[in-house]
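The values are calculated or read from the model by the stated rules, or taken from the named source; none is laboratory data. If you're wondering where the values come from, they're calculated on a predicted model, not measured in any experiment. Please note: Cβ atoms are built from the backbone with ideal geometry, for glycine as well, and neighbour counts cover all protein chains shown. With ligands, DNA and RNA removed, areas are computed over all heavy atoms of the protein, side chains included. Shrake-Rupley method; radii C 1.70, N 1.55, O 1.52, S 1.80 Å.
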Amino acid sequence: MARYGLLLATLVLIAIVSLPHANGLPVAGQNMLGILAFSVIIWMTEAVSYPVSAFIITVLMTLLLGFAPGVADPSKLLGTSRALSMALAGFSNTAWALVGAALFLSAAMTKTGLDKRIALVVMSKVGARSNRILMGVIFLGFLLSFFIPSTTARVACMVPIVMGVIIALKVPLKSRFAGALMIAVAQADSLWNVGVKTAAAQNMVAIGFIEKQLGVTISWLEWFIAAAPFAAVMSVILYYVLTRMMPAEQVEFSGGQDTIVKELAALGPMRPEEKKLMLISVALLFFWATEKIVHNLDTSTTTIVAIMLMFLPGIGIMNWEDCEKRIPWGTLLLFGIGISLGSAILSTKAGAWLANYIVAIFGLETASAIGVLAILAAFLIIIHLGFASATGLAAAMIPIVIAVLQNIKTPGINVVGMTMILQYVVSFGMILPVNAPQNMVAYGTDTFEVRDFVRTGIPLTIIAYLLILFQIVADLFRDPDLGGGSKALWLIGLIFVPMFTALVYVVAADNKAGTR
C-alpha cells in the first residue's frame, strides 16, 4: 500500500475533480473534496512522510483552489495568492500556537530530565508485586499527561524506565508480564489523551474547529470535568483487561524496586533548572485549570507565556539549540496544514455539501442522539484502523462531523457536546500498533506480538465505545423532555452493572492475593 499509495491518491484526486459538478457544490468545494480524499489515502497508506504530505497538500490547495472560480463570486478565479493564504491559514490558529508551545514544553522536560525523575519517583513507590507495578505504569501515564503535552514524548520517557524495571526483575522480554507493561504504557497514554485537553495535538484540532465553526471556547477545566471520568473508568478497565488476558507469570518479584531506587538516587538532588521547570509547570497547570474562573487568559496564551519564561536570561532552562534537536518540526508543519485543510473544506462549502449527503445516506436527519453518536463513532473507529496519526484523522474528519451534526433536525442535539465525545473516539487508536505513534514506540521494544495488542485492544475499544454511548444516554436520562428515560435507565444497567461486577472481582482477587 505504501508503494502504490501516492499513485492511488492521485488517481482518486483526478477522478473527483473531473466529475460533473453537483448541485450546490462549488468548483472549489469539489476540488477540496478531491484534496481531502487524496490526503486521507496518503495518510492511511503512509506513501510519503507526514511532513512531505503537508507540502504536497499545500501545493494542491494553492493550484486547485487558485484556478477555481471563487465561492462568493464565481465569475472570477480565486487566484493562487489567496489560495496560498487559505493553505497557510492554519499557522495563524491559536490551536496551532498551543501545540507548538506544548512541543517546547516537552523538549524542556526531556532536556532537564524532570520527566524521568517524576517517572522514577512514582515507580519507586509502587512496590514489587506484579499488579502494583502495572498499576504504577497506568498511574504514571495519567500523571505525565498533565506535565508533558506530547503523546510520543510521554511514551519515549516511560519506555526506557519500564524496560529497566523488566530487566531488573529478570523477566523475559517475551513474557506476558513484560508485554502487559508495555501495552499499558501505550494504552494508558491513549486513554489520557482523552481525559486531558492539553495531552494530545488532536484535541487542539477539535478545539480549533469548535471555536471557529460553533463559536464556543472550551476551557481546560471544562474539558477535564467532561472527559476525565471517562479516562479514569477506562484506566480501571485497562488494568482489568491486562491482568485477566495477560496475567503475570509470578506475583512477587525481587530486585526491581532496589534498581529503581538506585536509578533515582543516581539522578542526585533536583538541579536548579528542574526546580524552575517544576515551578513553571505547576503554575501553568494552575492557570489552565482556573481559566474562566480566576482569570480570562486562554490556554494558548498562558502556555506561550510559560515558554517565554523558559528562554529568558536568568531562568535559563533551555536555549534555542536545545529545542532544534528535540522538537519534531514535521509534526508542527502537519498540524498547521491539517487545520488549513479542514478550514478550506468549510469555507468552500464542501463540508456542508458532504454533510448533507452523509445525513441523507444514513437517515440521520431525524435520528436520536444516541443513534447519531453510535453511527458516527463506529465510522471513526473503523477509519482509524487505517490511520497512523490521530491528528490527521481529526483534521480530516472533525469539520465534517460538526457539519453533519449541524444538519440534524432532531430536537435537543448538543452539537458541542457530541463533537467533544466524537473527538474522544479520534484517540481510540487501541487496536493495531500502527494506529498511533505511541503504540509503535512500545511495539519497538519487542516485548509483545501484534496479536497481543489486538486481542487486548479490541475489548478496550468495545467497552470505550459503549461508555461514550452511555454519556449520551445519561444526558437523555437527566433531561426527560428529550425522551428515552426508561431506555436510558435500561442502558445504564446494561453497561455499568457488568463494569461494577468486574471492578468488584478485581478488588476481591487483589484482597485474596494479600494486597490492599
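Calculated accessible area for the chain comes out at 41 Å² per residue, all protein chains present (probe 1.4 Å; ligands, DNA, RNA ignored). Val236 contributes an accessible area of around 60 Å² to the protein surface, as traced by a 1.4 Å probe with all chains present. Spherically averaged projected area of the convex hull of Cα atoms, the stretch 179-264: 7.8 nm².
With all protein chains in place and a 1.4 Å probe, the accessible surface of the stretch 95-187 carries 69 percent carbon and sulfur. Each of Tyr50, Tyr357 has its accessible area taken with a 1.4 Å probe; listed largest first, they run Tyr357, Tyr50. Treating each Cα of the stretch 244-386 as an identical point scatterer and summing with the Debye formula, the log10 of I(q)/I(0) at q = 0.13, 0.17, 0.20 Å⁻¹ comes to -1.04, -1.11, -1.22. A protection proxy built from the mean count of other Cβ atoms within 10 Å ranks the segments 318-324, 423-429, most packed first, as 423-429, 318-324. Could you work out the percent of alpha carbon pairs in the stretch 305-382 separated by over 15 Å, rounded to a whole number? More than 15 Å apart: 74 percent of the Cα pairs in the stretch 305-382.
The calculated FRET efficiency for the pair Met270 and Arg132, based on their C-beta separation and a Förster distance of 25 Å, comes to about 0.45. For the stretch 125-173, the fraction of C-alpha pairs more than 16 angstrom apart is 41%. Does the stretch 347-409 classify as rounded, prolate or oblate by the C-alpha gyration tensor (a ≥ b ≥ c root eigenvalues; a/c under 1.5 gives rounded; else a/b over b/c gives prolate, otherwise oblate)? Because a/c hits 1.5 or more and a/b fails to exceed b/c, the stretch 347-409 counts as oblate. A 1.4 Å probe over all protein chains sorts Arg326, Arg82 by accessible area into Arg82, Arg326, starting with the largest.
Summing charges over all other residues whose Cβ lies under 13 Å from the Cβ of Ala68, with Lys and Arg as +1 and Asp and Glu as -1, gives +2. Seen from a random direction on average, the alpha-carbon convex hull of the stretch 1-69 projects onto 4.3 square nanometres. Annotation for the stretch 152-208 versus the stretch 272-295: alpha-carbon center distance of 24 Å. Any chance you could check the Cα centroid distance between the stretch 99-123 and the stretch 354-431 for me, in angstrom? So the separation of the two Cα centres works out to 33 Å. Only DSSP H runs of four or more residues enter the estimate; each adds -39500 (n - 2.57), and after division by the residues of the chain the mean residue ellipticity at 222 nm equals -23500 deg cm²/dmol. Model label points for Thr80 and Ala15, set 7 angstrom from Cα along the Cα-to-Cβ axis, are 2.9 nm apart.
Take Lys409 and Val261, extend 7 Å from each Cα along the Cα→Cβ direction, and tell me the distance between the two endpoints in nm. Each label point lies 7 Å from its Cα, and together they span 7.0 nm. For the set His295, His384, the ranking by accessible area, highest first and with no ligand, DNA or RNA atoms included, is His295, His384 under a 1.4 Å probe.
Taking a ≥ b ≥ c as the square roots of the Cα gyration tensor eigenvalues, the stretch 110-149 comes out oblate, since a/c reaches at least 1.5 and a/b does not exceed b/c. The alpha carbon gyration tensor of the stretch 366-445 gives principal lengths a ≥ b ≥ c with a/c of 1.5 or higher and a/b greater than b/c, which makes the shape prolate.
So what does log10 I(q)/I(0) come out to for the stretch 1-158 at q = 0.14 Å⁻¹, using the Debye formula with one equal point on every Cα and no solvent? Relative scattering, expressed as log10 I(q)/I(0), comes to -0.83.
Packing around the peptides 147-159, 180-192, 114-126, 444-456, taken as the average count of other Cβ atoms within 10 Å per residue, puts them in this order, highest first: 180-192, 147-159, 114-126, 444-456. From the Kirkwood radius over Cα pairs of the chain, Stokes-Einstein at 20 °C and 1.002 mPa s returns a whole-number translational diffusion coefficient of 89 µm²/s. At 4 °C and 1.567 mPa s, grab the translational diffusion coefficient of the stretch 96-242 from Stokes-Einstein with a Kirkwood Rh over Cα pairs, rounded to a whole number in µm² per second. Estimated via Stokes-Einstein, D reaches 81 µm²/s.
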